[in-house]
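First comes the structure, then the notes that go with it.
The values are calculated or read from the model by the stated rules, or taken from the named source; none is laboratory data. The model shown is predicted, which means the values in this text are computed figures rather than measured ones. Cβ: placed from backbone, ideal geometry, glycine included. Neighbour counts: every protein chain shown.
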Amino acid sequence: MAHTATSAKSVSQAVEFLRHVCKEVPIAAVVLGSGVKVLEELTEQQSFSFDQVFGISPTIVGHAGSLTIGRVDGKLVAVLRGRFHLYEGHAWDVVTLPARVVVEWGVPNFYLTNAAGGLNHSFAIGDLMLITGVRDHLNPSLRETGLLPALSAPALDCENDLTRHLWLVGEKLAASDGSFRPLRRGVYAGLIGPSYETHAEIEMLRRLSADTVGMSTVPELVAASGTATQVAGVSVVTNVWTDEAIDGHEEVLKAARAASLRLDKLFRAAITNLKS
């Protein structure tokens, strides 16, 4: 049973807790999607459960529900291992609570990750796609239920200095590290879930120019949009939709783990090069 909004802390309560346990504002925060494991070993790290910080915990396998604060090459970062989803029964305010806390905390750089299905025929399992846009018309189920506020037409633009910086870091890694695949770029379609898409839905999303599809991230992007916190999103392509059977959640977690090494390299290099 999912927690209700009444059991969650307010943004101000969560920020007050974080400011009490950490006197310095992190230069970056990172949200990790299903099975994504990066930034595992930080220096000077301290960890807290989501219950301690937000008053509630995730209920989905692959979402640890912890917030770790520590350093990467001297830069303080906050790593949120897990998130809340609309399909868990949470209200919009709960799903966006961590993102709104990151913004109110004053964190200037915010990285979002997700495990996503690859719709683009040129994508391969394990690819990392930088999210450059989320189109409003790709979220019909969210809008019809009233769970997703109207986005600016024709798309939620995710291009900013942080996404450009992440792209450049990825380009440099691909040129210098033979094990690092070049980053992809594209549009992410966020649906409620928790079911995987039918073949007809996959074809519809492809025709609408979506490159990946998942069940998260859009609420966080919307919540942080227009604030002083810049957001960059990365989809880990954990399966590629074909005419064959669609893989389940365990396969998603397996593919996410395989891509995590490359994502870890990307984030460590990006955070190291962030300007204080």
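Are any of the residues in the range 182-201 modelled with pLDDT of 90 or more, over 26 Å from V102 (Cβ atoms) and under 20 Å from the mean Cα position of the chain (by Cα)?
From the range 182-201, those modelled with pLDDT of 90 or more are 182-188; that's our starting set.
Those left that are additionally over 26 Å from V102 (Cβ atoms): 182.
Then keep just the ones that are under 20 Å from the mean Cα position of the chain (by Cα); that gives 182.
Looking for residues that are modelled with pLDDT of 90 or more, over 26 Å from V102 (Cβ atoms) and under 20 Å from the mean Cα position of the chain (by Cα), one finds at least one in the range 182-201, hence yes.
Scoring R207 on the criteria (1) surrounded by fewer than 18 Cβ atoms within 10 Å (Cβ to Cβ); (2) of a type outside the set (G, A, S); (3) within 18 Å of I271 (Cα to Cα) leaves a single failure, condition (3).
Evaluated against (1) closer than 30 Å to H90 by Cβ; (2) modelled with pLDDT of 90 or more; (3) in contact with a helix residue (DSSP H, G or I) (Cβ under 8 Å, 6 or more places away or on another chain), N160 falls short on exactly one condition, (3). Applying the criterion of being β-branched (V, I, T) and at pLDDT 90 or above to the residues of the range 223-276, the residue that is farthest from A174 (Cα to Cα) is T227.
Please go through the range 30-80 and pick out each residue that is aromatic (F, W, Y) and touching a strand residue (DSSP E or B) at 6+ places or on another chain (Cβ under 8 Å). Those that are aromatic (F, W, Y) and touching a strand residue (DSSP E or B) at 6+ places or on another chain (Cβ under 8 Å): F48, F50.
All conditions but one from (1) closer than 29 Å to L274 by Cβ; (2) within 19 Å of the chain's Cα centre (by Cα) apply to L168; the one that does not is (2). Applying the criterion of at least 3 residues that are basic (K, R) and under 18 Å from L263 (Cα atoms) to the strands (runs of 3 or more DSSP E) found wholly in the range 23-106 leaves an empty list.
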